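What follows draws every value from the coordinates through simple rules; no lab data is involved. Everything numeric in this text was worked out from a predicted model, so none of it was measured. In this analysis, Cβ positions are derived from the backbone assuming ideal geometry, glycine residues included, and neighbour counts consider all displayed protein chains.
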Amino acid sequence: MTIEEAIKTAIEFETQVRDVYHGAMEDTTDPVGKRIFRVLAGEEQNHLDYLQSRLSEWKRTGTITAERLETTIPSEESIREGVRKLEDRMADEDRGGELKMLTKAFDVEVKTSNFYKEMVRDLPAEGRELFTDFVKIEEGHLTIVRAEIDYLSRTGYWFDFKEFDME
């Protein structure tokens, strides 16, 4: 895959993820859920803006300057603490609709994250550098979505770690 094809494909992934979060933001009635989905949709829009600027630069000059890509997503520990604080408030509420939205978001984030990992592995240095920050940022998005899914589904797992064992 060429660098230009990789950027165009990344734009497609980011558009899909942004649209999932935007739809979830509109569909959820919970104010906290709306805020989380709004932040994630905004983050994905920033990724789109960044990729489109890199694509324009590539078409104009034939080179890419991999500028630092920032994220508004907090650390994994901050995410864990935030989800813990929601437990009492959300304990008796039906969150089936949100769980479906989060599952869809998780699936799209996994595909996007895997794409970026593949680009970092397979592209020449100039392209690798462009996508390195995306790998870290998408992992943060996966952490947030996974934490919400774990909480809402009450499977006994927290961040993919078993919380308790009946044996």
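Here is how the numbers come out for the structure above:
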{"quantity": "Cβ-derived FRET efficiency at R0 22 Å, THR2 paired with GLU57, nearest 0.05", "calculated": "0.90"}
{"quantity": "Residues ASP30, ASP122, sorted so that the one with the fewest Cβ neighbours within 10 Å comes first", "calculated": "ASP122, ASP30"}
{"quantity": "Net lengthening on full extension, LEU99/GLN16 (0.36 nm per residue, minus Cα-Cα)", "calculated": "28.0 nm"}
{"quantity": "Extension reserve of the ASP27-LYS111 stretch, reckoned as 0.36 nm per residue once the Cα distance is removed", "calculated": "28.0 nm"}
